[in-house]
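Before any comments, here is the structure.
The values are calculated or read from the model by the stated rules, or taken from the named source; none is laboratory data. Everything numeric in this text was worked out from a predicted model, so none of it was measured. Because the Cβ atoms are built from the backbone with ideal geometry, glycine has one as well, and the counts that use them run over all protein chains shown.
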Amino acid sequence: MAEFDLPDEAATLALGAALARRLRAGDVVALRGDLGAGKTALARGLIRALFGAAIEVPSPTFTLVQTYDPPDGPAVWHVDLYRLEQPEEAIELGLEDAFADAVSLIEWPDRLGPYLPARRLDLTLTHAGDGRRASLAGGGDWPARLKGLSL
């Protein structure tokens, strides 16, 4: 659906910011990629675009979930499932509520197994030379919503 070369972290942050303007309550963004591929950096750019550049956006590796509640608009859940061993552990985090009412940014989405919503945007980051490459794919209305997306 869409691909972007990301030569540096600034480009990764910019892609997150560009994507932020297209998100709605109930959206799930599955952030895929190896360790160090830029999943958290992309989420950081997206969250800062919505909440301001000064907001601290730590990796949720140890907390599993970081939530951000805006004064207007949907909450954002930034989730890192790397440390989970069973998909059922993710449900205990309350993700079903996030899937209904918030924007969910999920690192290591495959750990959700059968609980990963079918209606989602898959964003895959891969290493490409000294930078990264981002591939975005999703069904439903995602092709129309991503039309014209640029950094």
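Numerical summary
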{"read-out": "Counted residues, the range 41-50 - those being surrounded by fewer than 20 Cβ atoms within 10 Å (Cβ to Cβ) and either touching a strand residue (DSSP E or B) at 6+ places or on another chain (Cβ under 7 Å) or not in a helix (DSSP H, G or I) (or both)", "value": "1"}
{"read-out": "Selection count where residues are within 11 Å of the chain's Cα centre (by Cα) and on the phi > 0 side of the Ramachandran plot, scope the range 20-61", "value": "1"}
{"read-out": "Qualifying position, being in contact with a Gly (Cβ under 8 Å, 6 or more places away or on another chain) and under 13 Å from LYS39 (Cβ atoms), among ASP122, ASP80", "value": "ASP122"}
{"read-out": "Hey, ALA90 more than 27 Å from ALA11 (Cβ to Cβ), at pLDDT below 90 and touching a Lys or Arg at 6+ places or on another chain (Cβ under 9 Å) or not", "value": "yes"}
{"read-out": "Criterion violated by ASP97 - all others in (1) closer than 21 Å to LEU50 by Cα; (2) touching an Asp or Glu at 6+ places or on another chain (Cβ under 8 Å); (3) modelled with pLDDT under 95; (4) not aliphatic (A, V, I, L, M) satisfied", "value": "(2)"}
{"read-out": "Candidate set from the range 109-151 (those that are in contact with a strand residue (DSSP E or B) (Cβ under 9 Å, 6 or more places away or on another chain) and hydroxyl-bearing (Ser, Thr, Tyr)); member that is nearest to PHE4 (Cα to Cα)", "value": "SER135"}
{"read-out": "Any pair with Cβ under 6 angstrom, 6 or more apart, that starts in the range 111-124 at a residue that is surrounded by fewer than 16 Cβ atoms within 10 Å (Cβ to Cβ) and ends at one that is charged (D, E, K, R)", "value": "none"}
{"read-out": "Counted residues, the range 56-71 - those being more than 20 Å from ALA37 (Cβ to Cβ) and not in a loop (DSSP other than H, G, I, E, B)", "value": "3"}
{"read-out": "Filter result for LEU15 (in contact (Cβ under 8 Å) with a residue 40 or more places away in the chain and surrounded by 18 or more Cβ atoms within 10 Å (Cβ to Cβ))", "value": "yes"}
{"read-out": "Residues within the range 1-38 that are out of contact with any helix residue (DSSP H, G or I) (no Cβ under 7 Å at 6 or more places or on another chain), outside any helix (DSSP H, G or I) and within 14 Å of LEU123 (Cα to Cα), tallied", "value": "7"}
{"read-out": "Filter result for HIS127 (of a type outside the set (S, T, N, Q), in contact with a helix residue (DSSP H, G or I) (Cβ under 7 Å, 6 or more places away or on another chain) and in contact (Cβ under 8 Å) with a residue 12 or more places away in the chain)", "value": "no"}
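Matching residues to (1) over 18 Å from THR126 (Cα atoms); (2) in contact (Cβ under 8 Å) with a residue 60 or more places away in the chain; (3) basic (Lys, Arg); (4) not in a loop (DSSP other than H, G, I, E, B):
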{"residue": "ALA54", "(1), (2), (3), (4)": "yes, no, no, no"}
{"residue": "GLY73", "(1), (2), (3), (4)": "yes, no, no, no"}
{"residue": "ALA90", "(1), (2), (3), (4)": "yes, no, no, yes"}
{"residue": "LEU105", "(1), (2), (3), (4)": "no, yes, no, yes"}
